[in-house]
Amino acid sequence: MSLTEQPLKGRQFLIFTGDYYEDMELWYPKYRLEEAGAKVTVAGLEAGVTYKGKNGYPCKASASYIGLKADDFDGIVCPGGFMPDRLRRDSRVLTLVSEFHSQNKLVAAICHGGWIPISAKVYQGVRVTGSPGIKDDLENAGAIFEDAPVVIDRHFVSSRKPDDLPDFMRGIFQVLGV
């Protein structure tokens, strides 16, 4: 993809944020999707609130995930950090992720971001990867764990850690047909 191409122009994506998100796992996908022409909504519990990343980088939520619908987006990205452990406890987050899955839309998770699809119960029989720290959680959720930089299974894309971000984004673009 050249810098002048915008193959995702007119498409919209959702990325979760909250305190102690993994900084690179939010910002790298956000900027790459925007570079490809997409509109990215970064949603936390409250719109307009600035959340602090694990490494201190601030992220102001452009929307609240409360009331959002998968119908309005082409895919969702779940960054890692400590944030997913908190968000996975919110039934509204889990319902939203389930909607993306039921519509066969992109569900992408990196590192500990896999906790959110686990709790949404969408990983049963899905080939995935994630942080080695959640390998047991992934397998206990019925996922098939693979230790690889990126794993693509239908509309699911997953990666292990920040160093895998280039592969993660190539996987996302592959699923999106870019």
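The length gained on full extension between Lys39 and Lys121, counted as 0.36 nm times the residue separation minus their Cα-Cα distance, comes to 26.8 nm. Approximating the spin labels as points 7 Å out from Cα along Cα→Cβ, the Glu5-to-Lys69 distance works out to 3.3 nm. Evaluated at q = 0.21, 0.29 Å⁻¹, the base-10 log of the normalised Debye intensity for segment 114-178, with identical point scatterers placed on the Cα atoms, takes the values -0.77, -1.28. Taken along its three principal axes, the alpha carbon spread of the chain comes to 41, 33, 31 Å, from the longest extent down to the shortest. Each residue, Thr50 and Ser98, gets one label point 7 Å from its Cα in the Cβ direction; the gap between the two is 3.6 nm.
Between Ala148, Ala108, Ala61, which gets the highest mean-square fluctuation from a Gaussian network model of the chain, Cα cutoff 10 Å? Among Ala148, Ala108, Ala61, the largest GNM mean-square fluctuation belongs to Ala148. For segment 28-80, applying the loop criterion from DSSP together with a ceiling of 12 other beta carbons within 10 Å to the trypsin sites (Lys or Arg not before Pro) yields Lys69. Applying both filters, DSSP loop and at most 16 other Cβ atoms within 10 Å, to the trypsin sites (Lys or Arg not before Pro) of segment 97-178 gives Lys121, Arg154. Here the relative contact order of the chain, from alpha carbon pairs under 8 Å that lie six or more residues apart, stands at 18 percent.
Taking Cβ atoms as reference points and 12 Å as the exclusive limit, the residues near Ile144 contribute a net charge of -2, counting Lys and Arg as +1 and Asp and Glu as -1.
Bear in mind that the values in this text are calculations on the coordinates, not laboratory data. All of these numbers come straight from a predicted model, not from anything done at the bench. Quick reminder, even Gly has a Cβ in these numbers, built from the backbone with ideal geometry, and neighbours come from all protein chains shown.
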